[in-house]
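A quick write-up on the structure given underneath.
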Amino acid sequence: MCIRDRVSTQSTWDIHKQLEKKISEFHGTEDTILYPSCFDANAGFFEAILSQEDAVISDALNHASIIDGIRLCKAQRHRYDHLNMEHLEKILKETQNCRLRFVVTDGVFSMDGDIAPLDRIVELAKKYNAYTFVDECHATGFFGRNGRGTPEHFGVQNDIDVINSTLGKALGGGTGGYSTGRKEIIEILRQKGRPYLFSNSIAPAVVGASLKVFELLDTKPELRDSLNRNTKLFRERMKKAGFKILGHDLSPIAPVLLGDARIASEFADELLKEDIYVIGFSYPVVPKGQARIRVQLSAAHTVEQVNRAVDAFINCGKARNIIP
């Protein structure tokens, strides 16, 4: 049986509605809408919700999909310096004449591994009567005590208006995304969200896999424990060796800052010869002079594998005189 709730010829099946319900229960929200990817969720949100009477206030280092989504809407666009709450408050004060205002941020930032101070953001949003939007793609499933992401980490789960996230990372499906939050907002997205209305549903096999992953999140806390152990081990050993590791100590996204783009690329190539697969990032993905190797730890890594990776970094770093 399928539920015909899209303009396109594609269908939303009962299993999709089951997953939407499960996501809402997981995040403690009122309703959820599925998309082919979180890029689509971000691309479709702002145009559907905001008008020229409104304003969007975005962290300077938000994900490219958020930036592209904001470009599609007619609202005023404001950008505050990365994690700078004083600058955010200044813009909130300056935009009080707007009808609606959304403060928009990544929860965990994908290239830097640092964390938005959601407690302060929520405090400021409430003070100036603004809404909060958080992209949780790099936090859902593993960050926070029970994997509920940065809102859980900061104890503000009931204070976030919209969470966008992905099924394609820690939730294991390889594809798929969603918006979850206030029922009224989700209903508008069902009626006006173009990536939802004019694209295919997520494949039922991916939906089934995602439902299983949510079950595992509640029954297999040892997976998060393994990830936290691996994150702690990698970050501590790398810092002790002399590398500059960006981001929050709890973040399994652990960028190794090298600065020079050529060095980052060649360093990654040398690590691959040691059977360590990592990617070097440079401008325009990151600012000039801030090239890095982004390491992503996994619960599937063993202690031996993490130590082997660190040893390879140390050997290559010493060979290039990057560390003593």
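Of all aspartates and glutamates in the structure, the ones whose alpha carbon falls short of 20 Å from that of Lys240, not counting any fewer than 8 places away in one chain, are Asp112, Asp114, Asp249, Glu304, Asp311. For the chain, the ratio of Cα radius of gyration to the globular rule of thumb 2.2 N^0.38 Å stands at 1.03. Computed on the chain, with alpha-carbon pairs under 8 angstrom and 6+ residues apart, the relative contact order is 17 percent. For the pair Lys192 and Arg262 in one chain, pulling the backbone fully straight at 0.36 nm per residue adds 20.7 nm over the alpha carbon distance.
With labels modelled as points extended 7 Å from the Cα through the Cβ direction, what inter-label distance (nm, one decimal) is found for Arg320 paired with Thr175? If labels sit at Arg320 and Thr175, their model points lie 3.5 nm apart.
Put Met111, Met238 in order of accessible area, highest first, and with a 1.4 Å probe you get Met111, Met238.
Sorted on the mean count of surrounding Cβ atoms within 10 Å across their residues, most packed first, peptides 252-259, 20-27 read 252-259, 20-27. Rounded to the nearest 0.05, the FRET efficiency derived from the C-beta distance between Glu53 and Lys288 at R0 = 41 Å is 0.65.
The C-alpha atoms of the range 191-320 occupy a region whose extents along the principal axes are 55, 36, 27 Å, arranged from largest to smallest. All other residues whose Cβ lies under 11 angstrom from that of Glu47 are scored, Lys and Arg at +1 and Asp and Glu at -1, for a net of +3. Per-residue Karplus couplings for the range 88-100, computed as 6.51 cos²θ - 1.76 cosθ + 1.60 with θ equal to phi - 60°, are listed in order as 4, 5, 4, 5, 4, 5, 6, 10, 5, 7, 6, 5, 10 Hz, Gly and Pro entered as x.
The chymotrypsin sites (Phe, Trp or Tyr not before Pro) of the range 258-324 meeting both criteria, a DSSP state outside H, G, I, E and B (loop) and at most 15 other C-beta atoms within 10 angstrom of the site's C-beta, are Tyr277.
Applying both filters, DSSP loop and at most 15 other Cβ atoms within 10 Å, to the trypsin sites (Lys or Arg not before Pro) of the range 124-215 gives Arg145, Arg182. Bridgeable lysines around Lys183 (alpha carbons under 21 Å apart, same-chain partners fewer than 8 residues away excluded): Lys17, Lys21, Lys22, Lys126, Lys192. Multiplying the residue separation of Arg71 and Leu272 by 0.36 nm and removing their Cα-Cα distance gives an extension gain of 68.6 nm. For the range 219-324, the set of trypsin sites (Lys or Arg not before Pro) satisfying both a DSSP loop assignment and a count of at most 10 other C-beta atoms within 10 Å is given as Lys288. By the rule of a C-alpha distance below 18 Å, with chain neighbours fewer than 8 residues away ignored, the lysines paired with Lys288 are Lys244.
The values are calculated or read from the model by the stated rules, or taken from the named source; none is laboratory data. If you're wondering where the values come from, they're calculated on a predicted model, not measured in any experiment. Using ideal geometry, Cβ is built from the backbone for each residue, glycine included, and neighbour counts are taken over all protein chains shown. Accessible surface areas use protein heavy atoms only, side chains included; no ligands, DNA or RNA. Shrake-Rupley method; radii C 1.70, N 1.55, O 1.52, S 1.80 Å.
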